[in-house]
Amino acid sequence: SGHGVQAKEHEDLSDDEGLEGLGVPLDAVVKVWCVHSMPNFSLPWQRKRQFRSSGSGFCISREERVILTNAHCVEWGAQVKVQRRGSDTKHLATVESVGWECDCAVLRVEDEEFWDGIQVVQLSKKVPHLEEPVLCVGFPVGGDTISVTSGVVSRVEVMTYAQTSAELLGIQIDAAINSGNSGGPAFNSAGECLGMAFQSLGADQAENIGYVIPTVVIMHFLNDLLRHKKYTGFPTLGIDVQTMENAHLRQAYGMGPKQKGLLVGQVAPTAAAAKVLQEGDVLLAFDNEPIANDGTVLFRKHERVAFSWVIAQKFYNDSAELTILRNGEELKLKIDKFHPEASLVPVHLFGRSYEGPSYLIVAGLVFT
């Protein structure tokens, strides 16, 4: 019985952190509270009724005092607060910069007390392989405390990010991702962060499908901020393409039996590629990375992804080499400098001096 008492005491001592065995820095995960104030686009001089939401975030640097979360968690944020696990205080945070395409946002908290003894999440450099275990941590609906769900990597491919319909690399997992999990980290078995939870397919469409932003996309976002001191985005070629899986189509454009590529349709006049590409060109390779007839490139052994991912890994002001087929002859062309396309409608009004739609009233008619 003496042993029993000793064991009981021992149990109580270790009980304060039963999750340490997971090897996951749970204390780095915070809850993000936001009050959203959306502009009313049909009555542009007003704003819609404010509403509140909560999501998750995690600390990536104690020195820089930076917290990473999803862009949609703090969209139109009038006030953003963060709360640490096991704390009863909500600390005011400012939104430093937002990447709408990749659905990432950087928050900064000035309060000294908040950073006292906080853990930091290490970002994994690699894209995980299929069937690797995943642990999702966050503050989803269904309770107020931290939640941990586990699963495996189901798929890695270029997918549409719901925030701005951008096409970027994404990881599909079967761990439950619910409303409120957004912005929370997904850890691998080594306790490193392999991505950030951000969206899922509804139960009416499919079961157990959640999506994670891989660290390669997050690192691009952070490196972009370091390089340009502001978010500039993910480059695109600004072209419409058509697959060339039809043998007669390939023959019509003078392609050899070994040649593979994509047919260039429209070229956006403000895109960086407008100077070098023409309608009717066949894009064979980008930076010596051969493009297949279905528009994919080799990603890893036995895995292919859409060729747009090769372009998205570039930064603005970088150069790129294109191999094309024009009038039956192979040419090597160079894009000297990627620059953002001049879009007619801005992706978002964040960071403007007036965060609302511009409008003009003429004789009782509103143009917005």
May I ask you to list the residues in the stretch 189-208 that are out of contact with any Lys or Arg (no Cβ under 9 Å at 6 or more places or on another chain) and under 26 Å from G99 (Cα atoms)?
G191, C193, G195, M196, A197, F198, Q199, S200, L201, G202
Quick check on my filter: what residues within the stretch 319-368 are of a type in the set (A, V, I, L, M) and either touching a Leu at 6+ places or on another chain (Cβ under 6 Å) or outside any loop (DSSP other than H, G, I, E, B) (or both)?
A320, L322, I324, L325, L331, L333, I335, L360, I361, V362, L365, V366
Among the residues of the stretch 328-364, count how many are more than 18 Å from D287 (Cα to Cα) and surrounded by 10 or more Cβ atoms within 10 Å (Cβ to Cβ).
16
Scope the stretch 75-94; condition hydrophobic (A, V, I, L, M, F, W, C) and either modelled with pLDDT under 95 or open to solvent by 70 Å² or more (accessible area, probe 1.4 Å) (or both); matching residues:
W76, A78, L92
Can you tell me which residue among L283, L222, L249 is among the aliphatic types (A, V, I, L, M) and within 20 Å of the chain's Cα centre (by Cα)?
L222
Mind telling me which of the residues V282, V305, V366 ends up being hydrophobic (A, V, I, L, M, F, W, C) and more than 30 Å from Q251 (Cβ to Cβ)?
V366
Scan the stretch 286-298 for residues that are closer than 20 Å to N317 by Cα and open to solvent by less than 40 Å² (accessible area, probe 1.4 Å) and report the count.
1
Pairs only if they're at least six apart or on different chains, beta carbon under 6 angstrom, first in the stretch 351-368 and polar (S, T, N, Q), second open to solvent by 70 Å² or more (accessible area, probe 1.4 Å) and modelled with pLDDT of 90 or more; list them, first residue then second.
T368/Y359
Somewhere in the stretch 174-185, is a residue under 21 Å from M219 (Cα atoms) and in contact with a helix residue (DSSP H, G or I) (Cβ under 7 Å, 6 or more places away or on another chain)?
yes
Quick check: anything in the stretch 146-158 open to solvent by 60 Å² or more (accessible area, probe 1.4 Å), farther than 26 Å from T236 by Cα and among the small types (G, A, S)?
yes
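When residues of the stretch 233-269 are filtered for being among the polar types (S, T, N, Q), open to solvent by 60 Å² or more (accessible area, probe 1.4 Å) and either assigned to a helix (DSSP H, G or I) or over 21 Å from L169 (Cα atoms) (or both), how many remain?
Filtering the stretch 233-269 down to residues among the polar types (S, T, N, Q) leaves 236, 242-243, 246, 251, 259, 266.
If we keep only those that are open to solvent by 60 Å² or more (accessible area, probe 1.4 Å) as well, we get 236, 242-243, 246, 251, 266.
Subset that is either assigned to a helix (DSSP H, G or I) or over 21 Å from L169 (Cα atoms) (or both): 246, 251, 266.
The qualifying residues number 3.
The values are calculated or read from the model by the stated rules, or taken from the named source; none is laboratory data. The model shown is predicted, which means the values in this text are computed figures rather than measured ones. Note that we place each Cβ from the backbone using ideal geometry, even for glycine, and neighbour counts take in every protein chain shown. Ligands, DNA and RNA are excluded from the accessible area calculation, which covers all protein heavy atoms including side chains. Shrake-Rupley method; radii C 1.70, N 1.55, O 1.52, S 1.80 Å.
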